[in-house]
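> Sharing a structure here in structure tokens format.
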């Protein structure tokens, strides 16, 4: 060790501290370091002598019993200042920001949680066949309606339901229902005008309640409701999950695009096949004819690729994209055929589907759709 | 000297004799230390009184597990001295004059040299050499690690030695 390295140890030695052996050896051998040690000791002696002079002046006498004793109130403590490391202050600031943004998120979620949906199940006589509607029931005038039509063998059942008001778990419903015997195959145009002449019945319902409404010519329709905290992917099939099960082929709100041009917009309806091995979509548009999209290969069809809610294929020199609002099938491939001369009026047996001037789509088995007369 | 914890407990119970005992034991030492730190007899006396009075009024903050009552007392005195200097900022002009007065009073070469060190170096040397505070106590008073006490003491001694030899000057008061 050299003199510079042992300097700190000389000071420590002066204070009676233990120092490393090699430092002690160097100090013992080095004249300069020993002189430094002596000077440090002399400085200490001088300082103590100086202090002795100071202490000659005695401290003032104080009667501590006379000193007021004050109890610090909490409010006083709150007004005092304190020192806080900059790092701790920074962490505190970040924590405050994080917590406050968390509160905003919680509030936003709480606000979102106020959106409620009412699932109504109607059981139609005589078989008790269930029909399900989901509508918004949180006071909003948007999406608080549900219409459906049931084509029975013997007649047509029309149902229009709206949420008039709700208080707590109780919802007040306005229901228009009508049964038209012998009109099972009648054309139905799902507009408000369809229900215009049907008187509205008011029904109050709570989750778990089973209510009945009397429909002339049909009998008592059972109604049961429950609340959902979310809107299901398909409002008429609340049990349907976003992912298709292995046997499903689902078309929901289809849009067909050809070379970046929309040629068919199928609206918001849906058609689902839950088990046919040859499930096939028939999509008709005026002036376009029909497109058949099947899960199996068939004569004249070209292969298309499936990715979630999209099907892409090349046909007749054009690039096509079929978009749907839900994943279609677990299959990765489909087969597509275009029949430009197809007219529903020549093939569809049901009157409501046998129109050449409107878009129509449905999912059925390929065998059924290839028949001359399509019954479904 | 009574055990620190017992003495402190008595102060907390408003036993004036306990504070008197503390004052008798450390009052003069603290006042001498503060006189070096403040360069003023009167200010040192005032700050000493304030330090004890403050302890008497609000007996909290001392933890026997963290150090001795003496180091707590000198630490409190040092903080009050720092506060005193902050309040004196507008009067810094007069500071030099006071220093000169102090020098005249001490009539000591080492006192002059000491006055040219930084406030922390003065405190360190005084508390170590005069008060005999241990490294642990110095660390508690100055709120620095024990290892730093050793290196800073060395730096203070070297600075003082050089001034004494007329080789250099300290950085000035902090």
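> When you look at the Cβ of every residue in B:13-19, what mean number of other chain Cβ atoms sits within 10 Å? Intermediate values should be presented prior to the final figure.
Values: counts 0, 3, 2, 7, 2, 1, 4.
Mean partner-chain Cβ count within 10 Å for B:13-19: 3.
> Next question, about the same structure. Using a 10 Å cut-off around each Cβ, can you sort A:308, A:218 from fewest to most neighbouring Cβ atoms? Show your work: numbers first, answer last.
Working: A:308 13, A:218 20.
Exposure proxy ranking, most exposed first: A:308, A:218.
> At 222 nm, what helix-only mean residue ellipticity would chain A give, in deg cm²/dmol to the nearest 500, using -39500 (n - 2.57) for each DSSP H run of four or more? Intermediate results must be reported in sequence, preceding the final value.
Values: 7 runs with 88 residues, N = 376.
Counting only the DSSP helices, I get -7500 deg cm²/dmol.
> How many times 2.2 N^0.38 Å is the alpha carbon radius of gyration of segment A:257-333? Intermediate values should be presented prior to the final figure.
On the way: Rg = 12.2 Å, N = 77, 2.2 N^0.38 = 11.5 Å.
Scaled against compact globular proteins, the figure is 1.07.
> Can you tell me the order of B:153-166, A:259-272, A:131-144 when each peptide is scored by its average per-residue count of other Cβ atoms within 10 angstrom, highest first?
Details: B:153-166: 19.1, A:259-272: 14.8, A:131-144: 16.6.
Most protected by this proxy first, the peptides run B:153-166, A:131-144, A:259-272.
> So for each of B:11-24, B:38-51, A:6-19 I average, over its residues, the number of other beta carbons within 10 Å; can you give me the resulting order with the highest mean first? Show your work: numbers first, answer last.
Working: B:11-24: 16.6, B:38-51: 20.1, A:6-19: 18.5.
Answer by packing, highest mean first, reads B:38-51, A:6-19, B:11-24.
> Would you kindly give the portion of the calculated P(r) for segment A:117-228 that falls above 26 Å, as a percent of all Cα pairs? Numbers along the way, then the final one.
Values: 887 of 6216 pairs.
The share of Cα pairs beyond 26 Å in segment A:117-228 comes to 14 percent.
> Return the tail of the calculated pair distribution for segment A:3-54, meaning the percent of Cα-Cα pairs more than 12 Å apart.
The calculated P(r) of segment A:3-54 puts 63 percent of pairs beyond 12 Å.
> What does the structure give for A:36-48 when I average, per residue, the other chain Cβ atoms found within 10 Å of the residue Cβ?
On the way: counts 3, 0, 0, 6, 7, 1, 3, 10, 6, 2, 9, 13, 6.
Partner-chain Cβ atoms within 10 Å, mean over residues of A:36-48: 5.
> Next up: Per residue and in Å³, how big is the convex hull formed by the alpha-carbon atoms of segment A:226-376? Walk me through the numbers on the way to the answer.
Details: hull volume 18.1 nm³, N = 151.
In segment A:226-376, the Cα convex hull volume per residue is 120 Å³.
> To the nearest whole number, what is the average tally of beta carbon atoms from other chains within 10 Å of the beta carbons of peptide B:153-165?
Mean partner-chain Cβ count within 10 Å for B:153-165: 4.
> Assuming R0 = 41 Å, what is the FRET efficiency of residue A:265 and residue A:241, from their Cβ-Cβ distance, to the nearest 0.05?
On the way: r = 25 Å, r/R0 = 0.62.
FRET efficiency, residue A:265 to residue A:241: 0.95.
> Rounded to two decimals, what is the ratio between the C-alpha radius of gyration of segment B:4-164 and 2.2 N^0.38 Å?
Details: Rg = 16.1 Å, N = 161, 2.2 N^0.38 = 15.2 Å.
Compactness ratio reported: 1.06.
> Here is a follow-up. Once label points are set 7 Å from the Cα along Cα→Cβ at both residue B:87 and residue A:214, what is their separation, rounded to one decimal in nm?
Those two pseudo-labels are separated by 9.5 nm.
> Please work out the ratio of the alpha-carbon Rg of chain A to 2.2 N^0.38 Å and round it to two decimals.
Details: Rg = 42.9 Å, N = 376, 2.2 N^0.38 = 20.9 Å.
Rounded to two decimals, the normalised Rg is 2.05.
No value in this document is a laboratory result; all are computed from the given coordinates. Model, not experiment: these values are computed from the prediction. We place every Cβ from the backbone using ideal geometry, glycine too, and count neighbours over all the protein chains shown.
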